[in-house]
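Report on the structure given below.
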Amino acid sequence: MTTHTTRMLILGSGPAGLSAAIYGARAGMKPIVVQGIQPGGQLTTTTDVENYPGFKDVIQGPWLMEQMQAQAEHVGTTMMWDTIVGVDLTRRPFRLTGDSGDVYEGDTLVIATGAQAKWLGIDSEEAMKGKGVSACATCDGFFYRGKKVAVIGGGNTAVEEALYLTNHSDDVTLIHRRDSFRAEKILQDRLFAHPNVTVIWNAEVREFIDGGGNAGLVALDLRDTVTGEHRRLEVDGGFVAIGHHPATELFRGHLDLDADGYVKVEIGSTRTSVDGVFACGDVQDKIYRQAVTAAGTGCMAALDAERFIATAEFAELAEAAE
Ligand SMILES: Cc1cc2nc3c(=O)[nH]c(=O)nc-3n(C[C@H](O)[C@H](O)[C@H](O)COP(=O)(O)OP(=O)(O)OC[C@H]3O[C@@H](n4cnc5c(N)ncnc54)[C@H](O)[C@@H]3O)c2cc1C
């Protein structure tokens, strides 16, 4: 077992964690990033990225994350291939334990563990991810300009995704397994008033149908949850919008989480309920969930952590001088 110590310990190697690392390293904090089971984060699971600023041409998600990691290492970040399985936030330095048995001690801690989309869990869904099946309309809606798309879900996210997709498609179908939505009324009103959205009630997706060759998704096999009958719905894109799982189980009981399990931060900052612990990216954001917003809050977390250390050190010096 080895103990690694740092002024800034970062959990997660997605855009939030790596941006925090770049800013932390440049502030002289010698950050350590524990990468977790998905080095590079969610963007490594996608291909074309067209909305990350700085690139006129389409770039690939895995390439973007390789570049971020290379930049973080270049300015002095240490990357660790490990996953955190235990935390003690009761005193500083914070003490975290890795799956490897190694211990990580950080004067500050930046949580950037992300949030994973929930999926329906059917085989064809897994096979069709990136070939017509997505969990992010903001990310992929642009690729379905003028095409037929379906959104699956019944909460705020599903209704918002359907409305967002009307910017690109004039044929949006929202499929819900019940006969009413959980979404807020104002969103429902906007949805029902939209001429390009059709709702199919009491239906669940049983299969995402592959057209073969390079066709990708061509249709959905829907089962009526009341009658059990099946029908085929022709679509080019299917957006699963049934919620997200923030990766915060590790922190339950150690710092404040909201009702959906996201880390609570003070508005306008990345400060959590524990002094010296900061959260950035999707793990504290249930609204935007984009690489650029994750990177932006990663920068904020590093600056907040640097200021926290500077203030704490100044207070210690002042106390010693008394
Ligand atoms: C298929 C797909 C396509 C997308 N396309 C786009 C797009 O085109 N444009 C865009 O802006 N956004 C896109 N997104 C959204 C974007 O990827 C996320 O908003 C962004 O990655 C969030 O960054 P993050 O750093 O907060 O978390 P993540 O990228 O989710 O990274 C979380 C990190 O935490 C680590 N981790 C988790 N638990 C632990 C632990 N216990 N110990 C240590 N590490 C841990 C993981 O290994 C991972 O490295 C897409 C998402 C998906 C899934």
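Read-outs throughout are calculated quantities, based only on the coordinates presented, and are distinct from any laboratory measurement. All of these numbers come straight from a predicted model, not from anything done at the bench. Here Cβ is always computed from backbone atoms with ideal geometry, including for glycine, and neighbour counts include all displayed protein chains.
Laid out as a table, the results:
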| read-out | value |
| --- | --- |
| Single condition Val283 does not satisfy, out of (1) farther than 28 Å from Gly155 by Cβ; (2) within 11 Å of the ligand (Cβ to nearest atom) | (1) |
| Filtered residues of segment 262-280 (kept if in contact (Cβ under 8 Å) with a residue 12 or more places away in the chain, over 14 Å from Leu109 (Cα atoms) and more than 12 Å from the ligand (Cβ to nearest atom)) | Lys264, Ser269 |
| Single residue of Asp102, Asp88, Asp48, Asp57 found to be within 11 Å of the ligand (Cβ to nearest atom), surrounded by fewer than 19 Cβ atoms within 10 Å (Cβ to Cβ) and of a type in the set (D, E, K, R) | Asp48 |
| So Arg231, is it crowded, with 16+ Cβ neighbours inside 10 Å, free of Cβ contacts under 8 Å to residues at least 40 places away in the same chain and either β-branched (Val, Ile, Thr) or away from the ligand (no atom under 14 Å from the Cβ) (or both) | no |
| Qualifying residue in segment 212-234 (condition: within 16 Å of the chain's Cα centre (by Cα) and outside any loop (DSSP other than H, G, I, E, B)) | no |
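Quick grid of which residues meet (1) away from the ligand (no atom under 16 Å from the Cβ); (2) assigned to a strand (DSSP E or B):
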{"site": "Gln116", "(1), (2)": "no, yes"}
{"site": "Cys139", "(1), (2)": "no, no"}
{"site": "Leu174", "(1), (2)": "yes, yes"}
{"site": "Phe181", "(1), (2)": "yes, no"}
{"site": "Leu187", "(1), (2)": "yes, no"}
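Okay, residues lined up against (1) small (Gly, Ala, Ser); (2) more than 8 Å from the ligand (Cβ to nearest atom); (3) crowded, with 21+ Cβ neighbours inside 10 Å; (4) assigned to a strand (DSSP E or B):
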position	(1), (2), (3), (4)
Met1	no, yes, no, no
Gly17	yes, no, yes, no
Tyr23	no, yes, yes, no
Pro39	no, no, no, no
Leu43	no, no, yes, no
Pro53	no, yes, no, no
Trp63	no, yes, no, no
Gly106	yes, yes, yes, yes
